[in-house]
Amino acid sequence: MPSSVPLRRLFVALLLSCTVLVSATACGNESGTGASASASPSGTASAQKQKLAKTRFVANAGLAAGATYQWIIKPYRAGKFKKGADGRTFALVKAGLAGGFAYNRLKAAAENAKGDPLLSKAVAPLTAGIESLKGMGTKLRNGQAGAGDVGAFEDVITNIKDAGKSAGAEVKDKVPSASQLGG
């Protein structure tokens, strides 16, 4: 059995290294030219562009909401982030990935909202809240996030959902798959 401890440490180190690499890559797309921009159709009528903008907004915001609830809020409320908790390291790694993913999808949703006049008015005040979440993935992954940090994520998601609902684009939680989280 002595050989299983170093193997487990090697596995955890590899997993954490991959997590850092993936979350840095996921959050590194500042220009807004990610999947949502490349998926936008060209040469469509203005009304169709607006309709697709609303649809993309709902999809991106729903994925962010689902990831936040499933891998950040729920484990935090269950006490998985506390020192000594069973499965803490794995919960923190998943929360870090989910934090980076949610930030990326919220930025994409805000970009999508610009294509619809009603949505852009509703979402514009929320961009500062989205920007405040920028380093939250790292904070979660390192186990430095507290109740205020988790509450900030929950508040931004709730505000995005409310803004979408007021603009006629109701956002429902959609939990992303592990492969979507990883990039």
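The values are calculated or read from the model by the stated rules, or taken from the named source; none is laboratory data. These figures come from a predicted structure and were not determined experimentally. Cβ: placed from backbone, ideal geometry, glycine included. Neighbour counts: every protein chain shown. Just the protein is used for accessible areas: all its heavy atoms, side chains included, with ligands, DNA and RNA removed. Shrake-Rupley method; radii C 1.70, N 1.55, O 1.52, S 1.80 Å.
Out of the residues in region 170-183 that are more than 12 Å from the chain's Cα centre (by Cα) and at pLDDT 90 or above, state the one that is farthest from VAL93 (Cα to Cα).
Taking region 170-183 as the starting set, the residues that turn out to be more than 12 Å from the chain's Cα centre (by Cα) are 170-172, 177-179.
Adding the requirement that they be at pLDDT 90 or above leaves 170-172.
Values: GLU170: 30, VAL171: 26, LYS172: 25 Å.
Here the answer is GLU170.
One line per residue, one yes/no per condition, for (1) touching a residue at least 12 places away in the same chain (Cβ under 8 Å); (2) open to solvent by 20 Å² or more (accessible area, probe 1.4 Å):
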{"residue": "LYS74", "(1), (2)": "no, yes"}
{"residue": "LYS82", "(1), (2)": "no, yes"}
{"residue": "THR89", "(1), (2)": "yes, yes"}
{"residue": "TYR103", "(1), (2)": "yes, no"}
{"residue": "ALA108", "(1), (2)": "yes, no"}
{"residue": "LEU118", "(1), (2)": "yes, yes"}
{"residue": "GLU131", "(1), (2)": "no, yes"}
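Given the conditions (1) among the aromatic types (Phe, Trp, Tyr); (2) in contact with an Asp or Glu (Cβ under 9 Å, 6 or more places away or on another chain); (3) open to solvent by less than 60 Å² (accessible area, probe 1.4 Å), which single one is not true for TYR69?
Going through the list (1) among the aromatic types (Phe, Trp, Tyr); (2) in contact with an Asp or Glu (Cβ under 9 Å, 6 or more places away or on another chain); (3) open to solvent by less than 60 Å² (accessible area, probe 1.4 Å), TYR69 breaks only (3).
Find the residue count for region 156-179, including only residues that are surrounded by fewer than 19 Cβ atoms within 10 Å (Cβ to Cβ) and more than 13 Å from ALA64 (Cβ to Cβ).
Looking only at that region, the number is 8.
For region 91-101, which positions are more than 10 Å from the chain's Cα centre (by Cα) and open to solvent by less than 50 Å² (accessible area, probe 1.4 Å)? Before you say what the answer is, go through the steps one by one.
From region 91-101, those more than 10 Å from the chain's Cα centre (by Cα) are 91-94; that's our starting set.
Within region 91-101, ALA91, LEU92, VAL93 qualify.
Report whether or not ALA167 is touching a Phe, Trp or Tyr at 6+ places or on another chain (Cβ under 9 Å), over 25 Å from ALA91 (Cβ atoms) and not polar (S, T, N, Q).
Numbers: touching a Phe, Trp or Tyr at 6+ places or on another chain (Cβ under 9 Å): yes; over 25 Å from ALA91 (Cβ atoms): yes; not polar (S, T, N, Q): yes.
The answer is yes for ALA167.
Please go through region 133-149 and give me each residue that is free of Cβ contacts under 8 Å to residues at least 60 places away in the same chain and open to solvent by less than 20 Å² (accessible area, probe 1.4 Å), ordered by number.
Within region 133-149, LEU133, MET136 qualify.
Looking only at region 162-182, how many residues end up being free of Cβ contacts under 8 Å to residues at least 60 places away in the same chain and hydrophobic (A, V, I, L, M, F, W, C)? Explain how you work it out, then say what you get.
Quick first cut of region 162-182, residues free of Cβ contacts under 8 Å to residues at least 60 places away in the same chain only: 162-163, 165-166, 177-179.
Keeping just the survivors that are hydrophobic (A, V, I, L, M, F, W, C) gives 163, 178.
The number of residues fulfilling the criteria is 2.
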